[in-house]
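This report concerns only the one structure given below.
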Amino acid sequence: MYKALVTSSSRLLFSSSFPPTLAPSPLLPRSVSFSRSSSRSPIRLSAGIRSSVAVIQQFERRMATTIANENPFKDFLTSLPRPDGGEYGKYYSLPALNDPRIDKLPYSIRILLESAIRNCDNFQVTKDDIERIIDWENTSPKLVEIPFKPARVLLQDFTGVPAVVDLACMRDAINKLGSDSNKINPLVPVDLVIDHSVQVDLARSENAVQANMELEFQRNKERFSFLKWGSTAFRNMLVVPPGSGIVHQVNLEYLGRVVFNTDGILYPDSVVGTDSHTTMIDGLGVAGWGVGGIEAEAAMLGQPMSMVLPGVVGFKLSGKLKNGVTATDLVLTVTQMLRKHGVVGKFVEFYGEGMGQLSLADRATIANMSPEYGATMGFFPVDHVTLQYLKLTGRSDETVSMIESYLRANKMFVDYNEPLNERVYSSYLELNLAEVEPCVSGPKRPHDRVLLKDMKADWHSCLDSKVGFKGFAVPKESQEKVVKFDFHGQPAELKHGSVVIAAITSCTNTSNPSVVLGAGLVAKKACELGLEVKPWIKTSLAPGSGVVTKYLLKSGLQKYLNQQGFHVVGYGCTTCIGNSGDLDESVAVAISDNDIVAAAVLSGNRNFEGRVHPLTRANYLASPPLVVAYALAGTVDIDFDKEPIGIGKNGKSVFFKDIWPSNEEIAEVVQSSVLPDMFKSTYQAITGGNPIWNQLAVPASTLYSWDPTSTYIHEPPYFKSMTMVPPGPHGVKNAYCLLNFGDSITTDHISPAGSIHKDSPAAKYLMERGVDRKDFNSYGSRRGNDEVMARGTFANIRLVNKLLNGEVGPKTIHIPTGDKLYVFDAAMRYKTEGHDTIVLAGAEYGSGSSRDWAAKGPMLLGVKAVIAKSFERIHRSNLVGMGIIPLCFKAGEDADSLGLTGNERYTIDLPNNIKEIRRGQDVTVVTDTGKSFKCTLRFDTEMELAYFNHGGILPFVIRNLISSQC
């Protein structure tokens with residue numbers, strides 16, 4: 001099955017990235033075939049459009065020239081021999097370039113170099129681009145732009161549905177403009193894993209998996225049918241059905257190729273994904289990172305990515321983790337270190353003798369949290385540990401041999417048994433693994449690490465401190481308040497810090513057998529000592545793949561997890577993305593009526609306020625064994641070193657040390673319980689689906705039949721008035737400030753993925769269309785409906801908007817009248833009145849998940865520009881992709897220091913000729929109060945200027961696809 005999948009999903013790769021010799025491929029479908037003598041070709045939406053004002057005729061002439069060009073590096077194609085005779089295929093040899101600078105390049109940069117050489121045509125990818133990459137040590141500080149063509153695209157259903165909606169809408173647009181709608185087809189392999197829709201409706205039950213899946217299908221039948229239609233309507237798209245696992249774990253264990261062999265050409269696997277934690281695959285030595293859904297759609301259609309050549313932070317690891325320290329403790333430590341160092345927009349590459357002490361799963365855990373420490377990716381080059389993992393997960397010996405042979409031959413393999421050339425990095429960090437201590441992170445951000453031994457003191461500090469990332473401002477006299485209530489006939493109680501959700505969840509940790517089995521050992525020891533989790537705590541286990549269940553059953557530890565309430569609830573993202581389900585009503589009432597600061601403890605990667613559950617104001621990230629330990633304790637207000645977790649058999653106190661397994665115990669059970677056949681059998685059946693999925697009937701049509709009454713799938717308005725003439729750049733005139741934010745506004749604040757509040761504009765929209773409140777589902781599940789998502793933009797109940805003078809919630813002030821309105825209602829009033837709007841923000845605007853609706857939503861609300869101290873990388877790119885102007889205050893300045901209240905009107909003058917706009921130029925912003933200040937225009941590449949000229953990336957794609965006249 002694995003070989004079949006690779007063959008079917010990789011066959012179109014070079015239709016987007018040019019076969020290395022530009023020879024026609026017999027595998028190319030007619031709609032994208034070409035020959036050297038023809039001027040017609042599939043469009044290459046290029047980093048090669050170096051001038052953002054190239055007219056269509058000029059573009060066509062250049063394309064005709066391109067097709068006639070051969071790869072100038074074709075003479076560097078080298079045969080890769082098999083050990084037993086014959087050859088695996090040919091590859092573009094980096095050693096054959098005979099350039100000593102390559103030997104010093106970080107391994108992650110070598111992947112960019114190989115891609116550029118293989119795809120060089122002196123149009124989209126030029127010799128100058130290749131020279132810039134080879135000369136990385138000197139060019140990367142200058143922020144030079146390079147093109148990059150990923151080998152494939154990865155989607156999950158929350159971001160995948162709007163991507164497929166956009167593709168379907170683009171087909172309609174091309175059709176209306178008189179061209180061939182079949183031009184809209186993925187030209188690189190696209191893997192879409194449905195994993196974000198399952199919710200923990202039922203927990204603590206043997207029947208939880210089936211019951212939650214049935215509810216998942218009831219809520220999402222329309223979405224799932226749409227995705228199933230997409231898998232048949234679009235070529236080269238693999239859809240992995242619900243109930244199969246979490247996208248990044250499936251990618252790690254199954255989809256990741258490490259090395260492609262397409263039509264006899266070998267090259268490194270690389271991937272961009274519409275989920276920020278796509279970086280998990282970096283632990284396997286596959287270069288991958290998150291991009292916005294908008295960027296991913298363009299990449300699917302053959303658009304090379306235009307990126308700034310990144311700096312690379314070398315992170316040296318030494319020593320060995322101490323007994324009792326987990327990979328989760330390590331990643332939280334690394335996250336804090338890298339956040340402090342500053343790695344936004346950079347690669348991080350790990351090396352050193354400590355690498356040999358980290359399993360592949362440990363590496364993947366660290367790579368997974370790249371978004372939390374701010375890097376584009378955290379890369380672990382392929383070595384012997386990688387090869388062992390590939391064999392463990394069922395990749396064939398033949399495949400692993402090919403991977404090793406290719407990477408060794410092309411100087412991309414690390415062998416710690418051989419002398420290594422010294423590589424050059426932009427900056428350096430070092431960590432002795434022996435110095436890592438057990439820890440958690442919270443209560444509101446993943447990089448706010450707290451040592452386990454300091455947890456009790458830190459908790460009390462949070463209660464005392466003013467409301468903020470580390471504060472709840474609970475008065476001293478009420479900090480010890482105890483709320484007693486009835487839980488289904490049992491006496492129950494809650495205090496500040498009481499745990500009400502304990503979830504073993506997320507790809508970050510459920511992909512790692514050592515911490516999952518460690519959790520099982522904690523549960524086993526607790527059962528044997530007579531400890532039991534309180535029944536009002538919502539406990540759950542949501543593995544990232546079926547393999548986890550197999551090794552938990554093999555080890556005999558699942559039964560102990562079940563005894564403590566950690567039954568399997570489903571295979572997908574749950575609590576980590578806010579799909580935690582409702583708390584029992586008695587618990588919810590006790591929290592709400594008494595203003596209790598309740599806690600959730602989860603083995604996830606995100607704990608931003610309002611994300612996990614609306615009623616858990618304190619949310620801590622912890623390893624799976626610690627999740628079980630805190631569930632047993634029932635509170636985060638505990639010193640595990642000094643206070644007992646509970647009272648066990650015979651009335652004896654049980655302490656943390658009594659239930660905590662040693663590293664040796666964990667290693668022994670991993671060795672005996674995690675077996676290759678488990679991976680093989682799990683993934684042989686993965687594309688077979690399940691009975692509910694297989695019963696979904698979908699039409700066999702290439703154009704989608706939009707249902708105007710649907711509240712899940714709705715035709716978006718992006719292209720309704722589109723013509724073949726680009727609209728050109730726009731400025732902003734006398735705009736009102738829609739919202740005025742401080743620092744760390746996340747995509748969860750801008751575009752919530754969680755529950756739809758009963759009084760919100762989105763709820764009103766749904767109820768007007770006959771949707772009962774119980775069927776609202778989540779914002780994430782309704783991302784295919786722009787009407788819902790526009791109303792959900794800035795709908796987070798924890799939104800802090802300075803225009804409200806301290807009031808928290810999803811409202812703002814309509815400046816002309818002073819009316820306090822929901823943000824959507826205010827935005828619509830501004831649009832009706834014919835007024836532009838802008839957003840003011842602080843640092844790290846748009847941090848969090850790579851969520852395209854955080855850019856699409858503001859665009860639909862009429863936001864023309866965002867002025868911030870700094871932007872998260874993907875979100876800034878997404879704003880550009882939707883035609884919104886990103887501006888940065890000058891260093892040392894922000895809205896407060898400039899005396900801006902948000903009550904002003906703002907004018908941003910930009911030339912109406914794109915040739916007169918430069919990336920990164922200074923722009924003057926003028927207010928109606930007479931203030932003016934300079935900002936940096938954050939169009940970072942020439943391609944982004946081209947997108948802005950066209951009104952966004954998708955109109956750019958459509959116009960150029962039509963102009964190709966394939």
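The values are calculated or read from the model by the stated rules, or taken from the named source; none is laboratory data. Values in this document were obtained by computation on a predicted structure and should not be read as measured data. We place every Cβ from the backbone using ideal geometry, glycine too, and count neighbours over all the protein chains shown. Note: accessible area is taken over every heavy atom of the protein model, side chains too, but ligands, DNA and RNA are not part of it. Shrake-Rupley method; radii C 1.70, N 1.55, O 1.52, S 1.80 Å.
With a simple spin-label model that places each label point 7 Å from the Cα along the Cα-to-Cβ direction, the separation between Glu435 and Lys391 comes to 3.5 nm.
Among the listed pairs Lys104/Lys890; Lys476/Lys534; Lys456/Lys657; Lys495/Lys538, which have their C-alpha atoms separated by more than 25 angstrom in this model? Could you put the intermediate results ahead of the total?
On the way: Lys104/Lys890 35 Å; Lys476/Lys534 27 Å; Lys456/Lys657 17 Å; Lys495/Lys538 16 Å.
From the list (Lys104/Lys890; Lys476/Lys534; Lys456/Lys657; Lys495/Lys538), the Cα-Cα distance tops 25 Å for Lys104/Lys890; Lys476/Lys534.
The string of couplings for segment 219-233 from the Karplus curve (6.51, -1.76, 1.60, θ = phi - 60°) is 6, 10, 4, 5, 5, 5, 4, 4, 5, 5, 4, x, 5, 9, 7 Hz, one whole number per residue in order, with x for Gly and Pro.
Here segment 672-789 is treated as an ellipsoid with the same Cα gyration tensor; its semi-axes, largest first and in whole Å, are 37, 23, 21. Cα extents for segment 823-884 along the principal axes, largest to smallest and rounded to whole angstrom: 33, 20, 18.
Rg over Rh for segment 416-506 works out to 1.20, both radii taken from alpha-carbon positions and Rh defined as the Kirkwood radius. In this structure, the amide hydrogen of Ile756, modeled 1.01 Å from its nitrogen in the peptide plane, lies closer than 5 angstrom to those of Tyr779, counting only residues at least 5 positions away or on a different chain. Rolling a 1.4 Å probe over the protein chains gives Arg101 an accessible area of about 80 Å². For the chain, averaging the sequence separation of C-alpha pairs within contact (under 8 Å, six or more residues apart) and dividing by the residue count gives a relative contact order of 14 percent. In terms of packing, defined here as the mean over residues of other Cβ atoms within 10 angstrom, the peptides 447-454, 618-625, 460-467, 192-199 line up highest first as 618-625, 192-199, 447-454, 460-467. Diffusion of segment 857-966 by Stokes-Einstein, at 10 °C in a medium of 1.306 mPa s and with Rh set to the Kirkwood radius over alpha-carbon pairs, works out to 106 µm²/s. The residues packed around Gly352, meaning those with a beta-carbon under 10 Å from its beta-carbon, carry a net charge of -1 if Lys and Arg are +1 and Asp and Glu are -1.
For the pair segment 713-774 and segment 440-505, the centres of their Cα atoms are 34 angstrom apart. When the surface is traced with a 1.4 Å probe over the full set of protein chains, His567 keeps roughly 20 Å² accessible. Partners of Lys411 within straight-line reach, counting aspartates and glutamates whose Cα lies under 14 Å from its Cα and excluding those fewer than 8 residues away in the same chain: Asp99, Asp103, Glu114, Asp383, Glu422.
For Arg905, the residues whose modelled amide H falls within less than 5 Å of its own, excluding neighbours fewer than 5 places apart on the same chain, are Asp928, Thr929. For the set Tyr406, Tyr822, Tyr947, solvent exposure ranked by accessible area (probe 1.4 Å, protein chains only) runs largest to smallest as Tyr822, Tyr947, Tyr406. Basic side chains Lys and Arg get +1 at the Cβ, acidic Asp and Glu get -1 at the Cβ, and with that the dipole of segment 298-355 about its Cα centre reaches some 180 debye.
For the residues Glu665, Glu430, a 1.4 Å probe over the protein chains yields an accessible-area ranking, largest first, of Glu430, Glu665.
All Cα-Cα separations within segment 506-548 were binned at 10 Å from zero, giving a P(r) of 25, 45, 29, 1, each value a whole percent of the pairs. Evaluated with a Cβ-only charge set (Lys, Arg +1; Asp, Glu -1), the chain carries a dipole of roughly 1340 debye about its Cα centre, given to the nearest 20. Computed on the Cα atoms alone, the convex hull of segment 284-396 gives a volume of 129 cubic angstrom per residue.
Along segment 354-370 the Karplus relation, 6.51 cos²θ - 1.76 cosθ + 1.60 evaluated at θ = phi - 60°, assigns HN-Hα couplings of x, 4, x, 8, 9, 5, 4, 5, 4, 4, 5, 4, 5, 5, 3, 8, 3 Hz to successive residues, with x for each Gly and Pro. Rounded to whole numbers, the Karplus 3J(HN,Hα) couplings from phi for segment 615-632 are 9, 9, 6, 10, 9, 10, 8, 8, 5, x, x, 5, 4, 5, 4, 5, 5, 5 Hz, using 6.51 cos²θ - 1.76 cosθ + 1.60 with θ = phi - 60°, and x at Gly and Pro.
Leaving out ligands, DNA and RNA, and with a 1.4 Å probe, what % of the accessible surface on the chain is carbon or sulfur?
Working: 16040 of 32670 Å².
Exposed carbon and sulfur together represent 49 percent of the surface.
Amide hydrogen proximity for Leu192: with H placed 1.01 Å from N in the peptide plane, the residues at 5 or more positions away or on another chain lying under 5 Å are Leu155, Leu238, Val239, Val240.
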